[in-house]
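Below is one structure, written out as structure tokens; the observations come after it.
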Amino acid sequence: MTSTRTGAHTATFREQYGCSFTDDLTATTEAATAGDFKQATTLTGRFTAAAQHLHHSVVRDALAAGWDWWQIGDLLTVHPQAAFDAYANLADATHAPAQQRPHLAVVCTAGLVAEHDMDTAHGIDLDDLDPRHSLTTDPTVVRLRAAAQLLGDDIWIAVKLPGEYEGDDDLDDDAAIRRWTTVALYPDELGWLREALALNAEEPDDDDEDEDLEPLR
């Protein structure tokens, strides 16, 4: 495998677009000075596209240097899964966050309150975790909650450790709307989750409690 020198993608950007970038800046300034604001605005669109290209070049260099999705996420101040979703196409043969750090992987299941019942098999309610827990910034959690709010629906999101459920396989339509694997940011965040799941497993289901009731006479 041929290694890429550090900063190669960013350096290539400068070699290819450095001069035109400077020329466009000069042309934009001249257009604005002349009062041709339409032309100046048009030229700023080139800067937006170029800045995005440069941004991607820096991320590609970080990935080529061996950074994982936690480091990329920290660099961009986003959740590792959000970083993967946005920039995985910039890396060759990269692995998802849950594969990079499987000890931080969790499985989430979401359902509509009006249509789906959340049971112990799904895990514990995400709302029972600290509101500052990193799972609240998982991109799928954010999207589902935003969509539910927009539609005026109530949803639940349950969290459990990987094991019985991996991905969306064997998820019945009448059981939930989505199941996915994501990650927590830190090992400490899974400590309370493990404790809560253990307590959850010890508590009998409502159905079991109903079976123990004496019938009315």
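Taken together, the values in this text are just the output of simple stated rules run on the coordinates, not laboratory data. Because the structure is predicted, anything quoted here is derived from the model rather than measured. Note that each Cβ is placed from the backbone with ideal geometry, even for glycine, and that neighbours are counted across all protein chains shown.
A few remarks follow.
- Qualifying residue in segment 127-136 (condition: farther than 17 Å from Leu185 by Cα and touching a residue at least 60 places away in the same chain (Cβ under 8 Å)): yes
- Given (1) in contact with a helix residue (DSSP H, G or I) (Cβ under 9 Å, 6 or more places away or on another chain); (2) closer than 29 Å to Asp68 by Cβ, number of the condition Ala176 does not satisfy: (2)
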